Amino acid sequence: MPDVLDASPYDALLLLSFGGPEGPDDVVPFLENVTRGRGIPKERLKEVGQHYFLFGGVSPINDQNRALLDALRKDFAEHGLDLPVYWGNRNWAPYLTDTLREMVGDGRRRILVLATSAYASYSGCRQYRENLADALAALDAEGLELPKIDKLRHYFNHPGFVEPMVDGVVRSLAELPEEVRDGAHLAFCTHSIPTSAADGSGPVEEHGDGGAYVRQHLDVAQVIADAVRERTGVDHPWQLVYQSRSGAPHIPWLEPDICDHLEERQAAGVPAVVMAPIGFVSDHMEVLYDLDTEATAKAEELGLPVRRSATVGADPRFAAAVRDLVLERAGDERGQEVTPCALGTLGASHNLCPVGCCPARAPRPAAAGADSPYA
């Protein structure tokens, strides 16, 4: 039997994700949840939903979360970590508020949250904390005893997140025709966000051009490129590129777009490209459509060989990384000296989001941070 690992004072882990439709009838209601308050007409949502309808109206994200739940529970059990794992979504069933209500009913009072977003940004961190605050407010209105909630730190540079991506890039390079393999460029892909949101990402002292969002991605990309060079003996040129832009065209967003990048690489005589979606935990809809469908079609049009490497998903090394993060945070809460595990030059991220970190578009309460109204 494994030794018992100590997660105290925590008594549960909540996997918090975006959510996605699981059938054609779910698509528009799901998009209404995502865009609530923006006044977007239903007809426009039906147009946006075409990406989902191409895949039968089913986003893969919920099944991928189920696989991650299984991987976490298996890893915890095998290593003697007695910590139940729950799952809640921001925009589709199982909804966050319902899951928190279930956790309170089960007697959970100290909850750690794992968000399926590895980097600092408003949409990747603070918005999740706002959703947590909304859910706690709903439970408070019902007269329920509120749990204390903490969020695990950003894990973009944890070895258990990075190493599976290194393997994915190496495998994708090996899949390219031998005559173009050594000359292939690496396109490290992540979600584009408005430049104003990027500039304000991370703690206040990190605000500036691109903020922590861009800085963290660049650091991870360099770590992966260095590891690929060590594994293959080839120094592949690389660039951080973006995908999945939305919103008004007059608002500046991070560039270059992956399709524009492929055109530029082909025009420059690059023989092949590996697209590595380092900004995403799993192969959800934006990976399947924006890279596997749209960008791959652009590459075929250009006659440019491309491969897309895998995301981390439910890789056992990622599950082990989550266990490590849980024990790290639990030890810190107990006042023990802990040594956070991180690759690259930036070091481990903060445990507690400080005031002014990834500021909201409009002031809203956010839980699990220094400015939380729920101590």
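The values are calculated or read from the model by the stated rules, or taken from the named source; none is laboratory data. The model shown is predicted, which means the values in this text are computed figures rather than measured ones. Here the Cβ is made from the backbone with ideal geometry for all residues, glycine too, and neighbour counts use every protein chain on show. For the accessible areas, the whole protein counts, side chains as well, though only heavy atoms, and no ligand, DNA or RNA atoms are used. Shrake-Rupley method; radii C 1.70, N 1.55, O 1.52, S 1.80 Å.
Put simply, when 137-150, 204-217, 278-291 are sorted by average Cβ atoms within 10 angstrom per residue, most first, you get 278-291, 204-217, 137-150. Per residue of the chain, the DSSP helices (runs of n ≥ 4 H) give a summed -39500 (n - 2.57) that works out to -12000 deg cm²/dmol at 222 nm. Here the simple spin-label model places points 7 Å from the Cα toward Cβ, and for ARG110 and ILE40 these points are separated by 4.0 nm.
The phi torsions of region 142-159, fed into the Karplus equation with coefficients 6.51, -1.76 and 1.60 and a -60° offset, translate into couplings of 8, x, 7, 6, 8, x, 8, 10, 10, 10, 4, 5, 4, 10, 4, 10, 6, x Hz, rounded to whole numbers, with Gly and Pro shown as x. Cα centroid distance between region 166-183 and region 198-228, in Å? If we compute the Cα centre of each part, the gap is 26 Å. Take the Cα of THR296, step 7 Å toward its Cβ, do the same at ALA138, and the gap between the two points is 3.6 nm.
Cα centroids of region 246-264 and region 314-362: 31 Å apart. Mean sequence separation of contacting Cα pairs (under 8 Å, at least six apart), scaled by the length of region 24-121, corresponds to a relative contact order of 21 percent. Normalising the average separation of contacting C-alpha pairs (under 8 angstrom, six or more residues apart) by the number of residues puts the relative contact order of region 153-268 at 31 percent.
For the chain, relative contact order (Cα pairs under 8 Å, six or more residues apart, normalised by length) works out to 23 percent. Take 6-15, 194-203, 241-250 and order them by the average number of nearby Cβ atoms within 10 Å per residue, most first; the result is 194-203, 6-15, 241-250. What a 1.4 Å probe finds exposed on region 174-228 is 49% carbon and sulfur by accessible area, rounded to a whole percent. Amide H to amide H distances under 5 Å link TRP238 with LEU186, where only residues 5 or more positions off or on other chains count and H is placed in the peptide plane.
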